[in-house]
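Report on one structure; see the data block that follows.
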Amino acid sequence: MFQIGSIVMHPSAGVCNIEDIREEKLTERKRTYYIMHPVSDNNSTTTIYVPVDTDKVHLRKLMGKDEIIDIIKHSTTEKIEWIDNTNLRKAAYSEILHSDNTSRIIALITVLHTKKERTVEAGKKFSAFDEKILHDAEKKIHQEFSHALSMQEEEIPKFIITQLSTDLV
């Protein structure tokens with residue numbers, strides 16, 4: 001169980017601060033909830049209620065630096081291919097994005113960046129859906145890594161590339 005003040009990773013909201021733990025009657029029965037706000041929401045306008053006893057929403061503590069480095073290096077072993085069929089690609093890539101598998105999300109970002117570069121070089125436009133998946137995946141990774149490593153989000157891509165290139169040497 002997390003405590004008030006814990007910083008956790010929420011699967012869709014990203015890095016959140018647990019500001020309270022209390023009983024609420026939001027449905028038919030009273031339950032104990034984590035009451036949290038995304039750290040990226042400076043105005044704290046978004047309040048998230050997660051039942052303490054739920055199996056549906058997986059909250060986890062943020063990773064440490066060594067764990068992040070291991071995951072970055074492991075991402076090179078993930079086999080994610082470009083899927084030509086748009087509907088199949090949407091389903092597969094959305095599933096990866098909404099998973100808690102950080103190394104697969106990093107591998108997905110790599111695949112999308114590679115495809116985007118090739119598409120732009122060919123004088124074509126990268127699809128809006130693929131751009132959104134790329135943006136959402138980067139946001140998820142950059143937000144957690146920057147918070148866990150006490151770095152600015154803008155510094156995270158360079159950090160990841162550095163970790164990947166040290167693995168190749």
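Every read-out reported here was derived from the displayed coordinates using simple, explicitly stated rules and does not represent laboratory data. Since the structure is predicted, the reported quantities are computational estimates derived from the model, not experimental observations. Here Cβ is always computed from backbone atoms with ideal geometry, including for glycine, and neighbour counts include all displayed protein chains.
For the Cα atoms of the chain, what angle does the longest principal axis make with the long axis of helix 156-168, in degrees from 0 to 90, nearest 10? Compared with the principal axis, the helix lies near 60 degrees. Here Lys25 is the anchor, and the lysines within straight C-alpha reach of less than 24 Å, apart from those fewer than 8 places off in the same chain, are Lys56. By the gyration tensor of its Cα atoms, with a ≥ b ≥ c the square roots of the eigenvalues, what is the shape of the chain: rounded for a/c under 1.5, prolate for a/b over b/c, or oblate? Prolate, because a/c is 1.5 or more and a/b exceeds b/c.
Against the chain, whose longest principal axis is taken from its Cα atoms, helix 128-149 shows a tilt of about 60°. In loop segments of segment 17-121 as defined by DSSP, the trypsin sites (Lys or Arg not before Pro) with at most 12 further C-beta atoms inside 10 Å of their C-beta are Lys25, Arg29, Lys30, Lys56, Lys79. Over all Cα atoms in segment 80-169, the spread is summed up by Rg and Dmax: 13.7, 39 Å. Loop-located GluC sites (Glu not before Pro) in segment 74-169 (DSSP state not H, G, I, E or B) with no more than 15 neighbouring Cβ atoms inside 10 Å: Glu81. A DSSP coil position with no more than 10 other Cβ atoms inside 10 Å describes the following GluC sites (Glu not before Pro) in segment 3-75: Glu28.
Taking the longest Cα principal axis of the chain as reference, the axis of helix 102-121 is set at about 40 degrees.
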